[in-house]
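Notes follow once the structure below has been shown.
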Amino acid sequence: MSAKYERISYLVVFNEQSAFKDTYGGAIGTVAVECQLLKPDVPSDSVVIFSHPIGGGAYLPLVGQLAKRGVHTIYCNPRYRGNDTALIMERAAMDLGACVRDAKERLGYKKVYLGGWSGGGSLSMFYQAEAQDPRVTHTPAGDPYDLTAAGFIPADGVMLLAAHLSRNLTLTEWMDPSIEDESRPFERNPAWDIYAKDGPKPPFSAEFVAEFRERQIARNRRITKWVKDQLADLKAQGLENHERCFTVQGTMADPRWVDPAVDPNDRQPNHCMLGDPFVVNDGPVGLARFTTLRSWLSQWSYDDSNADGLKCAARIECPMLVIENSADDACTPSHAARLMAAANRCAIDHHVIQGANHYYFGQPELVDQAAGLVRDWVAARG
């Protein structure tokens, strides 16, 4: 039977010192985190908190289905809701921390579990790593932002639900290595352009994929070097708080999308979570399409991001639920496998939902199956 639930919108507001604004509107130094509590008509002292660096998932199928299953659920929208242009992962973790504290201290939940959906998986692990093993005192750009003094409350467990590795690692695996000069992004090397008429065609050899991956990493590092040079130049001019915005083309060229034998699962070929990968590769919704110097280092840099999912997973120790969708066209099997291998201090429950796509769109029975797994896992710990 489905539980009835109430959807309650509320704000968690806190103050912080900031030398400049990186979100539109509002007072400098005041942060308002938009949250929704989906409160079933059955009591519970446990709550699942979902968050994502850019939020916007409060109406995703799984969130509502959990409430119908009687699971008290919060969706936490960080300050960057809907716009990751200038997103700083350290600040997103601070916003999640404020929501966790509010759930414990004001709403009275005794146990909090992080619902790491998709890109929220790495944010959840970053938060939990800083709660259990605090290390970060500055952003990768060198700006002071002390998470070690934030007093994060560790969650009682972390869920990786159709979760990818992290923004920096996933972007790198999606980058188009045929772009070899960022100032001429549409002049591409056909030897590595998987969308070119005269480019490489599937099935791809293991050797081709391995070199493709190395070239993707090299491209990420070239951009990172340019970013650091730009920041150093600004600081040398005494412009410590100034920024530069830039565009990154070609960010949906993973061999997985055109060759289903690369990291195989039940996904459709020539399709990704955002549509036709050939179109998305240069379309406006591609990852990191519009970004800034500081944001690149914090969320997209292969080497520099503090929110690297694999590094964060290795730092946490708590119960973990991993749900993998077998037809996921965003998070393929190697994502879950690598995250579970890295989280070697966690007690892990792993499940695969056969036929499920990334969002469970059009799959009510499968989203209910996922919600049932979450409900049972939470109940077993409460």
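The values are calculated or read from the model by the stated rules, or taken from the named source; none is laboratory data. Quantities reported herein were computed from a predicted structural model and do not represent experimental measurements. For neighbour counting, all protein chains shown are included, and Cβ atoms are generated from backbone atoms with ideal geometry for every residue, glycine included. Just so you know, the surface numbers come from the protein's heavy atoms only, side chains and all, with ligands and any DNA or RNA stripped out. Shrake-Rupley method; radii C 1.70, N 1.55, O 1.52, S 1.80 Å.
Give me the percent of Cα-Cα pairs in segment 280-354 that sit more than 20 Å apart, rounded to a whole number.
For segment 280-354, the fraction of Cα-Cα distances above 20 Å is 48 percent.
If every alpha-carbon in segment 65-130 counts as one equal scatterer, what log10 I(q)/I(0) does Debye give at q = 0.21 1/Å?
Normalising to I(0) and taking log10 leaves -0.96.
Where is the GNM fluctuation largest for the chain (alpha-carbon springs, 10 angstrom cutoff): 63, 262, 112?
So, out of 63, 262, 112, the one fluctuating most is 262.
From Cα pairs below 8 angstrom and at least 6 apart in sequence, can you work out the relative contact order of segment 1-99, rounded to a whole percent?
Values: 189 pairs, mean separation 31.3, N = 99.
For segment 1-99, the relative contact order is 32 percent.
Stokes-Einstein D for segment 110-203 at 4 °C, 1.567 mPa s, Kirkwood Rh over Cα pairs, in µm²/s?
Diffusion coefficient, whole number: 79 µm²/s.
What's the extension gain from residue 361 to residue 132 if we count 0.36 nm per residue and subtract their Cα-Cα distance?
Additional length available on full extension: 78.9 nm.
Considering all projection directions equally, how large on average is the shadow of the alpha-carbon convex hull of segment 143-266, in square nanometres?
11.4 nm²
Filter 197/225; 39/110; 21/235 down to the pairs with a C-alpha to C-alpha distance above 22 Å, please.
Pairs exceeding the cut-off: 197/225.
Take every DSSP beta bridge whose two residues both sit in the chain, then give the antiparallel share in percent to the nearest 5. Intermediate results must be reported in sequence, preceding the final value.
Numbers: 22 of 46 bridges.
Bridges in the chain that DSSP calls antiparallel: roughly 50 percent.
Near residue 136, within a Cβ-to-Cβ distance under 14 Å, what is the net charge of the other residues, with Lys and Arg +1 and Asp and Glu -1?
-3
For segment 360-375, list residues with backbone N below 15 Å from a point placed 7 Å from the Cα of residue 327 toward its Cβ?
Under cut-off, by backbone N: 360-370.
Please give the solvent-accessible surface of residue 274 in Å², to the nearest 10, using a probe radius of 1.4 Å with every protein chain present.
Ignoring ligands and nucleic acids, residue 274 comes out at about 70 Å².
Of all alpha-carbon pairs in segment 203-337, indicate the percentage at a distance above 27 angstrom.
The answer is 32 percent, as a whole percent.
Output the lone cysteines of the chain: those with no second cysteine's C-beta under 4.7 Å from their C-beta.
35, 245, 272, 312, 318, 331, 346
Just by accessible area at a 1.4 angstrom probe, what is the order of 228, 311 from largest to smallest? Display every interim value, and only then the final one.
Details: 228 90, 311 115 Å².
The residues order as 311, 228, largest area first.
Based on the alpha-carbon set only, what is the convex hull volume of the chain divided per residue, in Å³? All intermediate terms of the calculation are to be shown ahead of the outcome.
Values: hull volume 48.5 nm³, N = 382.
Normalising the Cα hull of the chain by residue number yields 127 Å³.
For segment 175-247, what is the convex hull volume of its Cα atoms per residue in Å³?
Considering the Cα atoms of segment 175-247, their hull volume per residue is 84 Å³.
Could you tally the net charge around residue 302, taking each other residue with its Cβ under 14 Å from the Cβ of residue 302, Lys/Arg +1 and Asp/Glu -1?
Result for the neighbourhood of residue 302: +4.
On full extension of the chain, what length is gained from residue 310 through residue 206, given 0.36 nm per residue of separation minus the C-alpha to C-alpha distance?
35.1 nm
With every protein chain left in place, what is the accessible area per residue of the chain in square angstrom, probe 1.4 Å? Kindly include the intermediate steps, with their values, before the conclusion.
Values: 15740 Å² over 382 residues.
About 41 Å² of surface per residue is accessible.
Give me the accessible area of residue 214, 1.4 Å probe, in Å² rounded to the nearest 10.
For residue 214, the solvent-accessible surface is approximately 120 Å².
Pull up all non-local amide H partners of residue 325: gap of 5 or more, or a different chain, and H-to-H distance under 5 Å with H placed in the peptide plane.
162, 353
Roughly how many percent of the accessible protein surface of the chain is carbon and sulfur, given a 1.4 Å probe and a whole-percent answer?
Result for the chain: 53 percent of the exposed heavy-atom area is carbon or sulfur.
Expressed in nm², what is the orientationally averaged projection area of the convex hull enclosing the Cα positions of segment 1-138?
Answer in nm², one decimal: 8.4.
Using a Gaussian network for the chain with springs between C-alpha atoms less than 10 Å apart, which of these wobbles most: 236, 141, 155?
Of 236, 141, 155, the Gaussian network model singles out 236 as fluctuating most.
Longest span of the chain, sites excluded, free of chymotrypsin sites (Phe, Trp or Tyr not before Pro) in DSSP loop with at most 13 other C-beta atoms within 10 Å?
In short, 187-360.
Heavy atoms of the protein only, probe of 1.4 Å, neighbouring chains included. What is the accessible area of residue 111 in Å², nearest 10?
Near enough 70 Å² of accessible area.
Compute the length gained on full extension between residue 180 and residue 226: take 0.36 nm times their separation in residues and subtract their Cα-Cα distance, giving the result in nm to one decimal.
Taking residue 180 through residue 226 to full extension adds about 15.2 nm, to one decimal.
Specify the inter-centroid distance of segment 348-382 and segment 189-246, based on alpha-carbon positions, in whole Å.
36 Å
When N is the residue count of segment 8-66, what does its C-alpha Rg come to as a fraction of 2.2 N^0.38 Å?
Values: Rg = 14.7 Å, N = 59, 2.2 N^0.38 = 10.4 Å.
Its radius of gyration relative to the 2.2 N^0.38 Å reference: 1.42.
Could you tell me the center-to-center distance, by alpha carbons, between segment 268-288 and segment 30-50 in angstrom?
What the calculation gives is 32 Å, centre to centre.
Looking at the chain as a GNM with Cα springs under 10 Å, which of 106, 244, 215 has the largest mean-square fluctuation?
106
Report the calculated FRET efficiency for residue 348 and residue 290 (r = Cβ-Cβ distance, R0 = 30 Å), to the nearest 0.05.
0.25
Based solely on its DSSP helices, what 222 nm [θ] is calculated for the chain when runs of n ≥ 4 H residues each add -39,500 (n - 2.57) and the sum is averaged over all residues, nearest 500 deg cm²/dmol?
One gets -9500 deg cm²/dmol as the mean residue ellipticity at 222 nm.
Compute the signed sum of charges (Lys and Arg +1, Asp and Glu -1) over the other residues within less than 15 Å, Cβ to Cβ, of residue 232.
Net of charged neighbours comes to -1.
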